[in-house]
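Please read the structure below before turning to the comments.
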Amino acid sequence: MSKDKVQIFDTTLRDGEQVPGCKLDAKQKLIIAERLDLLGVDVIEAGFPISSPGDFNSVMEISKLVKNATVCGLTRAVKKDIEVAAEAVKYAKRPRIHTGIGTSESHIKHKFNSNKEQIIERAVAAVKYAKTFVEDVEFYAEDAGRTDNEFLAKVCSAVVKAGATVLNIPDTTGYCLPEEYGAKMKYLYENVEGIHKAILSCHCHNDLGLATANSIAGVMNGARQIECTINGIGERAGNTSLEEVVMILRQHPNLNLDTDINSKLLYDTSLMVSNKMGMPVQPNKAIVGANAFAHSSGIHQDGVIKNRETYEIIDPADVGVNESSIVLTARSGRAALAYRAKNIGYELTKTQLDVVYTEFLNYADRKKEVVDEDIHEIISVCKIEIET
Ligand code: KIV
Ligand code: ZN
């Protein structure tokens, strides 16, 4: 059975770039956009054109440069925003305007001092206006995670009727539980009038560490687009991490969902974004963290040396990592030491290994990690004749 495609909407250059203390210049944004296109994302949200002349120019330059992906600019439900975004994306092969408004009680009352009827009117007017510039209009219902489902379905039905092609359901504050977010998608899939004319999109924030789980719950319940960023960067605790959702769908073929991402480029792309933004990736980050394929305890090392699949669910080569690493620490066993020694040219007999291992443990208790240079030294300290 052929798999259903989940579109990847990358917002590294818009929501991701809102990381406190990080800023990309125009040239860096172009380099990242080109790499995202090569990676195979379906949509690049290039920026928020009304926010500054610099952002406007970046969105325009990215629109001219990108060959395959749709290029999208964000707006509020404000005429001037939409006009400026339309101008910024006009050179794109596939332009999209992403407009919207807050729909939760809190946004309606505190942000807009408005009411539900007026919010629907503004949403519809924004979509209709954006449609006068581009065919592809995505609507976001900001704080949809905390919006009552019935009202949300009413807003979505109205904007689909006005021509919206994508319905973005953001969990703006990262509040939802996966079950709740999945149920919201299911409700919308079943209750939005004319839903066959649009696709539902997941846009999740990571305030409770649930962005990835919520996005997966969303696509398991009818959504067909995930909005995400490289390394999960974004405001506060960040957005859904692109590499995580891509690999979850790939590692779980029974979900019958997949993306067009070339996963072999994930690791390099992660490095590139981390370097350009000056934002290190946490070592234990899933898929792209420095320790994602590193094994340091004796039991795991012994298993991985016998057969990688004992403790690895992903072949590192599939995400562009050369190979798994066996890290030598005081928790490592003989198998790991023999393996690493062999890699640098020492074939140890069982008796030799016993001697070297005792010395190794003394070293390892003093040092956090034993590296190749240390192994040479340990072997020379042991003063044993070894075939090399
Ligand atoms: O989190 C959010 O609600 C957003 C919208 C502006 C799409 O980023
Ligand atoms: Zn967001």
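The single residue among ILE305, ILE313 that is over 16 Å from the mean Cα position of the chain (by Cα), surrounded by 15 or more Cβ atoms within 10 Å (Cβ to Cβ) and not acidic (Asp, Glu) turns out to be ILE305. If we keep just the residues of segment 248-268 that are over 23 Å from GLU180 (Cα atoms), of a type outside the set (Ser, Thr, Tyr) and in a helix (DSSP H, G or I), which is nearest to ligand 1 (Cβ to nearest atom)? So the residue we want is LEU266.
Would you confirm whether any residue within segment 48-62 is surrounded by fewer than 23 Cβ atoms within 10 Å (Cβ to Cβ) and within 21 Å of ASN262 (Cβ to Cβ)? Among the residues of segment 48-62, not one is surrounded by fewer than 23 Cβ atoms within 10 Å (Cβ to Cβ) and within 21 Å of ASN262 (Cβ to Cβ), which makes the answer no.
I'd like to know if segment 73-95 contains one or more residues that are in a strand (DSSP E or B), surrounded by 18 or more Cβ atoms within 10 Å (Cβ to Cβ) and within 16 Å of ligand 2 (Cβ to nearest atom).
Checked segment 73-95: at least one residue is in a strand (DSSP E or B), surrounded by 18 or more Cβ atoms within 10 Å (Cβ to Cβ) and within 16 Å of ligand 2 (Cβ to nearest atom).
The set of residues in segment 9-38 that are among the aliphatic types (A, V, I, L, M), surrounded by 24 or more Cβ atoms within 10 Å (Cβ to Cβ) and touching a residue at least 40 places away in the same chain (Cβ under 8 Å) comprises LEU13, ILE32, LEU36. Within segment 216-267, the set of residues being under 23 Å from ILE195 (Cα atoms) and among the hydroxyl-bearing types (Ser, Thr, Tyr) comprises just one member, THR259. Every listed requirement among (1) surrounded by fewer than 17 Cβ atoms within 10 Å (Cβ to Cβ); (2) closer than 18 Å to ASP171 by Cα; (3) more than 16 Å from ligand 2 (Cβ to nearest atom) is met by ASN221 save one, (1).
Taken over segment 360-373, the criterion of being touching a helix residue (DSSP H, G or I) at 6+ places or on another chain (Cβ under 9 Å), in contact (Cβ under 8 Å) with a residue 24 or more places away in the chain and more than 11 Å from ILE344 (Cβ to Cβ) is satisfied by PHE360, ALA364, VAL370. Which members of segment 1-39 meet the condition of being closer than 15 Å to GLU243 by Cα, within 16 Å of ligand 1 (Cβ to nearest atom) and of a type in the set (Val, Ile, Thr)? Within segment 1-39, ILE8, THR11, THR12 meet the criteria.
Here, each number is a calculation from the coordinates, and none is a lab measurement. Not measured: the values here are computed from a predicted model. Glycine also receives a Cβ, built like all others from the backbone with ideal geometry; neighbour counts cover every protein chain displayed.
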